Amino acid sequence: MWIIFTLISVFLIALVNYIDDELTADNPVKLSSDNLDPHIEVGGLVLISTLMSFVGALVVLLIFNDQIVFEQTGVLLSIGSAVPFVFLFASYFYLLRRYPVYQVIPLYLLSSVWLLIIEILSGVPISIPQIIAVFLIIIGSYFLDIGKLEWKIPGKLLVTMIPVTIVWAFGLFLVRLASKTLPGTTISFWQFSGIGVIGIFLLLFVKRYRSGFLIRIREQGKKFLGLSLCNESLSQGSYFFGNLAIAAAPAATFVSALNGLQGLFIILIFLGFGRDVKVNKIQVFSIAAIVIGAFAIERF
């Protein structure tokens, strides 16, 4: 069942990327000034992402009311995982200001490496074939996005992504620890609530974030709110099913690694909506590596 939850999670986040590409590629959503403080420019996106988590928490509460329980350790771990999630949102928006998405996204799979190390040190039973499978997926995902047998990641970006992905891996591990006493639905409720509270804190006490949020509301209005509502709903659905998968999987590392299927799902979504997609030989071999790795994780 955890694989099904993971596939749903990855598909939803791939759909978010498709919508971003479809709706903003030819008519990018930008603020009027090209000289804005980067914190003002990014702040509005961080705030809408965090504040809308209250909606996710409410939906989970309404649907799974009988499963929302309070167990102190699990609740604290779930709320604690909100911090790395917000850090993920912010780092993603900041990095996309300087680097193309095809360089940024693959590097988030580094979190699987750190999570693998954390879980092995914690005594989680992970076999050698499964470790090989994790690295096979990571490598395949990189070359699927790049499309060439070459290293195209700037050194500064790689150095930046190391602490970012370590924090993200720690957040996923907190979810795994929380799952020992709480169901995934409860974890999601407290996690979404924690993310929303952080959003309120940022709104009240980080002036440049608040300014960026108000500027986007004023200049972009319904477009900003509409795109955010659509994408954040899908994103929160992805995180929800990701939490269910982590709670049910033999190891959180496997769920994290299978996020490498995102590139494959994006290609399938493009094809499904009639987009012209060209896949070269390198990408074909990369897809094969990802699929083999995914099969090996479950098989061994």
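See the values below:
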| item | result |
| --- | --- |
| All-pairs Cα distance distribution in the chain, expressed in whole percent, bin size 20 Å | 33, 60, 7 |
| Packing-based ranking, highest mean first, of 101-107, 80-86 given that Cβ atoms within 10 Å are counted | 80-86, 101-107 |
| In region 142-221, chymotrypsin sites (Phe, Trp or Tyr not before Pro) in a DSSP loop with at most 15 other beta-carbon atoms within 10 Å | W151 |
| For region 119-190 and region 231-300, distance of Cα centres in Å | 13 |
| Cβ-Cβ FRET estimate between R97 and N280, R0 fixed at 22 Å, reported to 0.05 | 0.15 |
| From phi via Karplus (6.51, -1.76, 1.60), per-residue ³J(HN,Hα) for region 283-291 in Hz, x at Gly/Pro | 5, 4, 5, 5, 4, 4, 5, 5, 5 |
| Karplus (6.51, -1.76, 1.60) ³J(HN,Hα), θ = phi - 60°, over region 4-13, in Hz, Gly and Pro reported as x | 4, 4, 5, 5, 5, 4, 5, 4, 5, 6 |
| Relative contact order of region 158-300, pairs being alpha-carbon contacts under 8 Å that are 6 or more residues apart, as % | 28 |
| P(r) of region 190-236 over all Cα-Cα pairs, binned every 5 Å from zero, in whole percent | 5, 19, 18, 26, 25, 6, 0 |
| Tail beyond 18 Å, pair distance distribution of region 162-225 (Cα, percent) | 59 |
| Reachable lysines from K281, criterion Cα separation under 23 angstrom, eight or more residues apart if same chain | K148, K152 |
| ³J(HN,Hα) computed for each position of region 111-120 - Karplus, 6.51 cos²θ - 1.76 cosθ + 1.60, integer Hz, glycine/proline x | 4, 5, 5, 5, 5, 4, 4, 4, 6, 5 |
| Computed helical MRE - 222 nm, the chain, DSSP H runs ≥ 4 contributing -39500 (n - 2.57), nearest 500 | -26000 deg cm²/dmol |
| Ranking of D37, D276 by count of other Cβ atoms within 10 Å, fewest first | D276, D37 |
| Length-normalised contact order for the chain - Cα pairs under 8 Å, 6+ apart - percent | 42 |
| Where N is the number of residues in region 41-105, Cα Rg divided by 2.2 N^0.38 Å | 1.42 |
| Sites excluded, GluC sites (Glu not before Pro) in DSSP loops with at most 15 other C-beta within 10 Å, longest stretch of the chain | 151-300 |
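FYI, it's all coordinate maths here, none of it is from the lab. The model shown is predicted, which means the values in this text are computed figures rather than measured ones. Cβ sites come from the backbone with ideal geometry, for glycine too, and all protein chains shown count toward neighbours.
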